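Q: Quick one: the structure is below, questions incoming.
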Amino acid sequence: MARLSQTVFKVLLAALVVFAFPAVAPGAEPSPWPWMPKENVLTIPTGPENRRNSEGDFVLLDDGTILCVYTRYYGGSGHDNATARLMSRASTDGGNTWTSEDKLELENEGKLNVMSVTLRRLADGRVVMFYLVKDAVDDCRPYMRVRRDDGTWGERVCLIEEPSYNVVNNDRVIQLADGRLLVPVSRHRAGTDSGEIFCLISDDGGETWHRGGTLRPTEGVIYQEPGLCELADGRILMNVRTDSRAQYFAYSTDGGQTWGAAFKSCIDSPRSPTLIKRLPGSDELLAIGNPYLPIPGSNDRVTMTIERLSPDGGEILVRKTMEHPQRQMNVDWMYPAVCFLGDGTALVGYFCGPGAYVYKINLSDL
């Protein structure tokens with residue numbers, strides 16, 4: 001999203017782990033972290049007219065089907081501003097096998113593209129889709145649609161009326177225990193790398209939205225691509241991509257309306273996003289992202305790790321490598337999505353070049 005690499009990406013599903021690449025980069029050091037077992041259950045290849053498959057998410061439907069919706073670029077370019085529509089694959093056996101053909105979920109309704117999907121089942125039972133509509137290099141805004149009984153999507157609701165450039169990553173929207181919806185936003189103005197970080201808030205199931213307070217900037221630190229997680233104690237944890245070799249954290253005690261001061265977290269990270277979620281049946285957290293690797297010539301996104309964090313996110317309890325320890329230096333691993341399946345497994349989708357992958361993992365391996 002903000003200043004993304006133009007490498008071809010992929011989106012996939014699979015039980016909680018990332019994909020591996022078998023090639024070995026010359027001179028690459030083995031990872032010091034233990035290996036995370038995983039099973040590749042889905043691969044969505046690209047081609048000459050489909051250079052990128054990226055930023056998607058999963059949701060469990062009423063009949064047990066797992067739906068994966070992702071951004072499929074068409075027209076021969078995988079650039080952030082190139083044409084794209086939303087496509088899907090489905091699984092009826094717990095993510096072990098998937099449909100072999102793409103299904104159109106939403107045609108390109110932007111002047112440039114539609115992208116960056118979050119799928120959620122709300123507390124009232126509705127399945128909703130959040131996504132971005134990009135009309136210009138300075139106009140990118142989030143929208144929401146509710147899934148109908150026939151599997152199509154209802155009328156779109158615009159979350160931000162004024163033309164502006166807003167980044168909302170895939171699999172980032174959350175619903176709090178009290179029903180409030182929070183959408184983490186990084187607003188970028190022309191000529192600036194660092195975003196204005198805030199949440200869009202709805203207390204009526206997405207009918208209306210208002211803007212929360214802005215995260216106070218840290219001098220000299222670039223903020224981008226925020227994420228959210230509701231902690232067991234009721235606080236909201238926000239994590240932010242930065243250029244300071246780490247994710248920055250901030251906490252909210254009023255449901256995302258205002259934020260305390262941001263600080264450098266325990267998660268080392270290049271200028272790349274990290275996804276954080278509560279582990280099912282636990283107060284502990286799960287974090288998936290790129291570790292900082294001071295390797296000459298590296299593109300900084302060549303390895304993925306999965307980490308178990310303490311309930312407040314302040315301590316890494318377990319860290320494991322999900323990409324091949326000797327890594328392939330010309331491949332980006334990023335923009336993960338996670339689907340907990342309720343049986344001790346999870347699906348993890350990654351959007352990378354040159355394709356999309358979904359993995360399935362056992363949470364007990366953490």
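Bear in mind these aren't lab numbers, they're just calculated from the coordinates by the rules spelled out. The model shown is predicted, which means the values in this text are computed figures rather than measured ones. When we count neighbours, we look across all protein chains shown, and the Cβ atoms used for this are built from the backbone with ideal geometry, even at glycine.
Q: If I take R0 = 45 Å and measure r between the Cβ atoms of ASP312 and ARG189 in this structure, what FRET efficiency does the formula 1/(1 + (r/R0)^6) give, to the nearest 0.05?
A: 0.85
Q: Here is a further query. Lys and Arg at +1, Asp and Glu at -1: add these up for the other residues within a Cβ distance under 11 Å of ASN169 and post the number.
A: -2
Q: Moving to a separate point now. Compute the projected area of the convex hull of the Cα atoms of the range 162-220, averaged over all viewing directions, and report it in nm² to one decimal place.
A: 5.2 nm²
Q: OK, next. ASP102 versus GLU219, label points 7 Å from Cα toward the beta carbon: distance in nm?
A: According to this spin-label approximation, the distance is 4.8 nm.
Q: Let me ask something else. So if each residue of separation counts as 0.36 nm, and I subtract the Cα-Cα distance between ASP254 and GLU39, what length gain in nm does that give?
A: 73.4 nm
Q: If you bin every alpha carbon distance in the range 68-133 into 10 Å steps from zero, what whole percent lands in each bin?
A: 20, 44, 29, 7, 0
Q: Let me check against my output: what whole-number percent is the relative contact order of the range 39-365, with C-alpha pairs under 8 Å and at least 6 apart?
A: 13 percent
Q: Can you sort HIS210, HIS188 so the residue with the fewest Cβ neighbours within 10 Å comes first?
A: By the 10 Å Cβ count, ascending: HIS210, HIS188.
Q: Taking a spot 7 Å from the Cα of ARG148 along the direction of its beta carbon, which residues of the range 32-65 have an amide N less than 20 Å from it?
A: 61-63
Q: Now for a separate question. If I build a Gaussian network model for the chain, linking alpha-carbon pairs within less than 10 angstrom, which residue out of VAL168, VAL221, VAL157 has the largest mean-square fluctuation?
A: Of VAL168, VAL221, VAL157, the most mobile in the Gaussian network model is VAL221.
Q: I'd like the distance separating the alpha-carbon centroids of the range 243-320 and the range 336-366, in whole Å.
A: The distance from the Cα centre of the range 243-320 to that of the range 336-366 comes to 17 Å.
Q: For the pairs LYS103/LYS360; LYS134/LYS320; LYS264/LYS320; LYS134/LYS277; LYS111/LYS320; LYS38/LYS264, flag any whose C-alpha to C-alpha distance is greater than 32 Å.
A: Among LYS103/LYS360; LYS134/LYS320; LYS264/LYS320; LYS134/LYS277; LYS111/LYS320; LYS38/LYS264, the Cα-Cα distance tops 32 Å for LYS134/LYS320; LYS111/LYS320.
Q: So, how do all the Cα-to-Cα distances of the chain break down into 10 Å bins, in percent, from 0 on up?
A: Distribution as computed: 5, 27, 38, 25, 5, 0 percent.
Q: Which value in nm describes the separation of the simple spin-label points at PHE263 and LYS111, placed 7 Å from the Cα toward the beta carbon?
A: Placing both labels 7 Å beyond Cα along the Cβ direction yields 4.5 nm.
Q: Still on this structure, please answer the following. Rounded to the nearest 20 Debye, what is the dipole magnitude of the range 39-365 about its Cα centre when Lys and Arg each give +1 and Asp and Glu each give -1 at the C-beta?
A: So the dipole magnitude of the range 39-365 works out to roughly 620 debye.
Q: Using only the Cα atoms of the range 129-202, construct the convex hull and provide its projected area averaged over every direction, in square nanometres to one decimal.
A: The number I arrive at for the range 129-202 is 5.8 nm².
Q: Grab the beta carbon distance between ASP204 and SER164, set R0 = 22 Å, and tell me the FRET efficiency rounded to 0.05.
A: 0.45
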